[in-house]
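The block underneath contains the structure these notes are about, expressed in structure tokens.
Please treat every number below as a calculation from the coordinates, not as lab data. Here the structure is a predicted model, which means the values were calculated and not measured. Here the Cβ is made from the backbone with ideal geometry for all residues, glycine too, and neighbour counts use every protein chain on show.
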Amino acid sequence: MNSLIHKQEVAHDEGIWTCSWTKHEDVDYIITAGIDDSAKVWAWRNEQLELRHKLEKHALGVVSVATGDNGNLIATSSLDSSIRIWDLQNGKEIRKIGAGPVDVFSVCFTPDSRHIVSGSHAGKVNWYSVETGELFQSYDTRGKFTLSIACSPDGKFIASGAMDGIINLFDVATGKLVHTLEGHALPIRSLAFCQNSQLLLTASDDGQIKIYDVQHAQLAGTVSGHGSWVLSVAVSPDNERFVSGSSDRTVKVWDMKAKQCLHTFNDHTDQVWSVNFSPQGEQIVSVSDDRSINIYGCPH
């Protein structure tokens, strides 16, 4: 099981910075995007990737991608200060949202897919209506450049991670900042909630992943093992494992309960910007500055 199943070489013209794995109408789709200004939709079948669509309307690098509405909507954010919403089935652009005046670095859908939440250079956390593209509400983090964003699966919390290592937790019902987590001193590259919304995982340039109890805002664990920045973290659908990607070129799979590394994949030749589990949790995708998409069997 602990093996590289498929490697898609030269999947983009330049480094790949973000990926998402979704399922729609019984087909697995992997969406990748990077600094070649494009996003790509791939169908994953019979252990092969088949390119379905190339999404090419951004003017600068695409740094974040998210899926919503039962896997049929794609949101991309770019260094060109825009968010774009796409139809996964036909690859057509549905809506462009001007989110400037500076970079939009991270996007996610709310669990009901009615809003897109973005983190920005100005430190704000902005909500946009998927239907109209209008700004719905904005949270002020009172902080630096927001690099990472995550919505809890139960829809109750939004987490944002900043360049200064601060993580803010907002209560969605009230719009209030409820917790500030200060366990890292360096940029927060990635955030991931467990599927039951009880734990939040944070990945930082300090080389560590921290696990927080969301309700009590308490540190529940720290894992170290990467030799450099941790650029991405994702949690398995069953909450039993998590995966991380690092600028040390490795992908690591961890046991959530024991907080131990189960396996290290060394199949990339450059830093690993993004990792994700398949919807079933049996496989992992990773993307890198080496322009390849790697898919692995997931260790249990």
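What does the C-alpha gyration tensor say about the overall shape of region 1-59? Classify as rounded when a/c is under 1.5, otherwise prolate if a/b is larger than b/c, or oblate.
oblate
Provide the gained length on full extension for the span ILE5 to GLU50, in nm with one decimal, where the gain is 0.36 nm per separating residue minus the Cα-Cα distance.
14.7 nm
What is the magnitude of the charge dipole of region 13-219 about its Cα centre, with +1 placed on the Cβ of each Lys and Arg, -1 on the Cβ of each Asp and Glu, and no other charges, expressed in debye to the nearest 20?
With Lys and Arg at +1 and Asp and Glu at -1, about 320 debye.
Considering the values (i) 18.9, 54; (ii) 17.3, 48; (iii) 18.8, 60, which represents Rg and Dmax of the Cα atoms in Å as calculated for the structure under consideration?
Here Rg and Dmax of the Cα atoms in Å agrees with entry (ii).
Going down the table (LYS54/LYS210; LYS7/LYS210; LYS124/LYS156), which pairs top 28 Å between alpha carbons?
In this structure, LYS54/LYS210; LYS7/LYS210 exceed 28 Å between Cα atoms.
Considering the dipole of region 13-219 built from charges on the beta carbon (Lys and Arg +1, Asp and Glu -1) around the Cα centre, which of ALA99, GLN195, VAL62 is farthest to its positive end?
Selected residue: ALA99.
Springs between alpha-carbon atoms under 10 Å, Gaussian network over the chain: tell me which of LYS92, LYS210, LYS124 tops the mean-square fluctuations.
Maximum fluctuation in the GNM of the chain, among the listed residues, is at LYS92.
Quick one: if you stick a label point 7 Å off each Cα along the C-beta vector at ALA220 and ASP238, how many nm between them?
Between ALA220 and ASP238, the label points sit 1.8 nm apart.
Which residues' amide hydrogens lie under 5 Å from the amide hydrogen of ARG52, considering only partners 5 or more residues apart or on another chain, with H built in the peptide plane?
VAL41, TRP42, ALA43
In whole percent, what relative contact order does region 13-219 give with Cα contacts below 8 Å and a gap of six or more residues?
Reported relative contact order: 10 percent.
Put a dot 7 Å past each Cα toward the Cβ at ASP213 and GLN260; how far apart are the dots in nm?
Distance between the two pseudo-spin positions: 2.4 nm.
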